[in-house]
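The values are calculated or read from the model by the stated rules, or taken from the named source; none is laboratory data. Please read these numbers as outputs of a predicted model, since none were measured by experiment. All Cβ positions, even for glycine, are placed from backbone atoms using ideal geometry, and neighbour counts span all protein chains on display. Each accessible area value is taken on the protein alone, full model and side chains, heavy atoms only, with ligands, DNA and RNA left out. Shrake-Rupley method; radii C 1.70, N 1.55, O 1.52, S 1.80 Å.
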Amino acid sequence: MSKLGKILKKIRPYTIQKGFRYLKHYGFKEFMIRLRERMEPEEVPYGPWYEKHKRTEAELEKQRKTKFKKDIKISIAVPVFHTGERFLREMIESVQKQSYSNWELCIANASPEDEKMNAVIREYSEKDGRIVVKELEKNEGIGANTNRAFEKATGDYIGLLDHDDLLAPDALFEVARAVQEYDSDVIYTDEDKVSGNELEHSQPHFKPDFNIDLLRANNYICHFLVVRRSIIKGVGGFRAGFDGAQDHDFIFRCVESSKTITHIPRILYHWRTHQASTADNPASKLYAYEAGVRAVEGNLERSGEIGHVEMTKDYGFYKVVYPVQGEPLVSIIIPNKDNMPTLKTCIDSILNISTYRNFEIIVVENNSVSKEIFDYYKEIEKDERIRVITWDKGFNYSAINNFAVKHAKGDYLLFVNNDIEVITPGWIEGLLGNAQRKTVGVVGCKLYFPDKTIQHAGIIIGIGGIAGHAFLNMPGNRTGYLHRASTQVDYSAVTAACMMMPKKVFEEAGGFEEKLAVAFNDVDLCLRVRQMGYLVVYDAYVEMTHYESKSRGSEDTEEKVRRFQSEIEFMRTRWIDLLKKGDPYYNPNLTLSKWNFSLKAGK
C-alpha cells in the first residue's frame, strides 16, 4: 500500500465533516496539536497485537470445560431501538459465542413497530431459551429502556451491552473468574473500537484499576461493566435527568455501594464506530457532557467532597476544582546548596506569582561555600515569612527534609526543589484544595523542562526497573494517552520536586526514608502513604518549570553510581510484591521500557 493509501486508511473514520467540527471547537492551533498527536504512528500496531493476544480456539475450549465453585449466572442487559439487522445479529451472536455458558441475554425492545428488527429477535429467542425479551410499548430513552431490561434479569450479576457493540468470546468467563477470586461487586474490562464490515480493531483503551479521580475526570470505566444484581436493585438502576451520561451517573452510584471493584486488564468489549455512533462523533451529543457535570457533582455530594465541576475542551472530560477550606498555613520547604541565581528564581516566583498568601518558606542550607548565597540568605530573611535553617551534615535529601519538617509551623507541607519556577498563580490553592480532602495523602503537579517538554506527569511503578515519570520528554502541549497527562488522576507516586502533604499524614507515615539519600525517596514515601489507605493525586492543572538536578549534578562518580545501585536494591527489596504484581494505576498490557503508554511488544 502506498504512503498516501496508509494515511487515508488511518483517517478513514474521521471524515472531513468531523474534522471541521473539531477545528471549530478547538481553534486552529489546538486542532493541529491534537491532529499531530492522533496521526503519530503506533510503535506497536494495535490490529496485529490484538490478533496475537485474543484467545485461541484451544483456549476457549479449555474455558468451556472449566467448572467454577460458584456457578454464577450473568445477565446481559441490552436496550434495542431500530437496530440495523447486521449489527443486531452480530451483537447477539457475540453473546452466544461466549465460552462461559451460564448467561441470559435480556433484550428490551423499544421499537415494536420495527417488524424487520422484531423478526430477527424472534428468530434468536425461539432457538435459544437464554434470550429473553421485554416488549416495550414505546421508546422511553436508553436509561429507562435499560431498566426494563433489568426487570427481566434473573442472574447474580448484570452486564451492560449496547445494541450495536460486541463482546469478546471470553468476556463472561473472565468476569466469572474474577468473581471466584475476588467476590467482586463491580467488574470492568478494557475495550477497543471496531469499524467496517471487516471489524477492524483500533483505539484500545487500556485502563488502570479503580481510580476515583480519573472517574471524576472522565467515565473511563465505560465498557464492559458488570455489577452484582443486588447492588443495581439497591441503587435503583438508571436515573432520569442524565441523558447521555446516564452510565456515568450509574457507575458512580454502583461503585459507591460496592466493597470490591475489580478491573480485568483484557480487551473484552468492542465498541462499534459508525457515522451515527457517539464513539465516532462525540460532538453529536453535547448535552451528554452537561449531564456528565451533574453526574460528577452528585458523586462529590454523596462522598462528602466539596468541589466545583467544569467542562473542558476535550469532550467528556471534566475538571474538578476543590476550593480551599479556610486559610491554613502552608510550610514551603526548599533544600539548597549554593546556586544563588537558581534559588532566587524559585523564591521570586513564589513571592511574586502566588495568589495564596498564608505560607512560610523554610530554606534548608546544606554546606554552601559561596559568599553570594549567604548574602542572599540575609536579604530574604528580612521577609518575616522566610527562614533559613542549617543542615550541617552531608547531602541526604530525606534527612534534610525530615529535619526541616521539625521546624515547620504549617499544617500542610509543600516540598519544593530549589530549581522550580512557578507557572500557575493558583498553584498553592490547587495543591491545598486536594490535600484537604480526607481521602488524600499526597498531591503532585505537572512539571516541564525549560524547553516546554514534560518532566513529570505522575510516576509509574516498574518503568525503568523501579519507577519512572509518565510522559517524560513529551511536548508539553500534548495531552497524552487518553488525555492522561492533562487531567487530574490518581497515581501510585508523584515527585517531591513539588509535592504537598498534610503534616499529620507525613508524620503518620514516618517521613522520608533516610536510607534513600537521593533516589526514590519520594516514591517510597508515596507508596507507604498508599498503604495507609490515602490517595496520591496528580493535578495537571498546577504547572511548574523544573530546571532539574542543577544543584546535585549527575551520577558521574563511582561513589554516586554505587549509592544509586544500593538505593535501587533497597526499593526492589521493600516493594518486590508490587513490582511483581504491577502498578495498579497503570496497565500490564503497556510497556515498562518507555514512558509514553505504548503497547508492550510480544505476548
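For the range 319-340, a residue qualifies if it is in a strand (DSSP E or B) and either open to solvent by 10 Å² or more (accessible area, probe 1.4 Å) or of a type in the set (Asp, Glu) (or both), and the qualifying residues are Lys319, Val320, Val321, Pro335.
The number of residues in the range 67-97 that are touching a residue at least 60 places away in the same chain (Cβ under 8 Å), open to solvent by 10 Å² or more (accessible area, probe 1.4 Å) and closer than 14 Å to Gly155 by Cβ comes to 3. Out of the range 170-186, which residues are buried (at least 22 other Cβ atoms within 10 Å of the Cβ), in contact with a helix residue (DSSP H, G or I) (Cβ under 7 Å, 6 or more places away or on another chain) and not in a strand (DSSP E or B)? Within the range 170-186, Phe173, Ser184 meet the criteria. Take the conditions (1) among the small types (Gly, Ala, Ser); (2) surrounded by fewer than 17 Cβ atoms within 10 Å (Cβ to Cβ); (3) within 20 Å of Ala497 (Cβ to Cβ); Ser370 misses just one of them, which is (3).
Residues checked against (1) polar (S, T, N, Q); (2) within 21 Å of His546 (Cβ to Cβ); (3) open to solvent by 30 Å² or more (accessible area, probe 1.4 Å):
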position: Val494; (1), (2), (3): no, yes, no
position: Glu507; (1), (2), (3): no, no, yes
position: Gly511; (1), (2), (3): no, no, no
position: Lys515; (1), (2), (3): no, no, yes
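Residues considered: Thr557, Thr591. Of these, the only one that is among the hydroxyl-bearing types (Ser, Thr, Tyr) and within 22 Å of the chain's Cα centre (by Cα) is Thr591.
Within the range 154-169, the set of residues being open to solvent by 10 Å² or more (accessible area, probe 1.4 Å) and either under 20 Å from Cys254 (Cα atoms) or of a type in the set (S, T, N, Q) (or both) comprises Thr154, Asp156, Leu160, Asp162.
All conditions in (1) aromatic (Phe, Trp, Tyr); (2) touching a helix residue (DSSP H, G or I) at 6+ places or on another chain (Cβ under 9 Å); (3) not in a strand (DSSP E or B) hold for Phe403, with the sole exception of (2).
Ile264 fulfils the conditions (1) more than 18 Å from the chain's Cα centre (by Cα); (2) within 28 Å of Gly196 (Cβ to Cβ); (3) modelled with pLDDT of 95 or more except for a single criterion, (1). Of all residues in the range 568-577, at least one satisfies being in a loop (DSSP other than H, G, I, E, B) and either charged (D, E, K, R) or touching a helix residue (DSSP H, G or I) at 6+ places or on another chain (Cβ under 9 Å) (or both). As for the range 220-230, it holds no residue that is over 23 Å from the mean Cα position of the chain (by Cα), open to solvent by 30 Å² or more (accessible area, probe 1.4 Å) and within 22 Å of Glu310 (Cβ to Cβ).
Return yes when Ile400 is open to solvent by less than 20 Å² (accessible area, probe 1.4 Å) and under 27 Å from Val324 (Cβ atoms) and no when it is not. So Ile400 does not fit the description; no.
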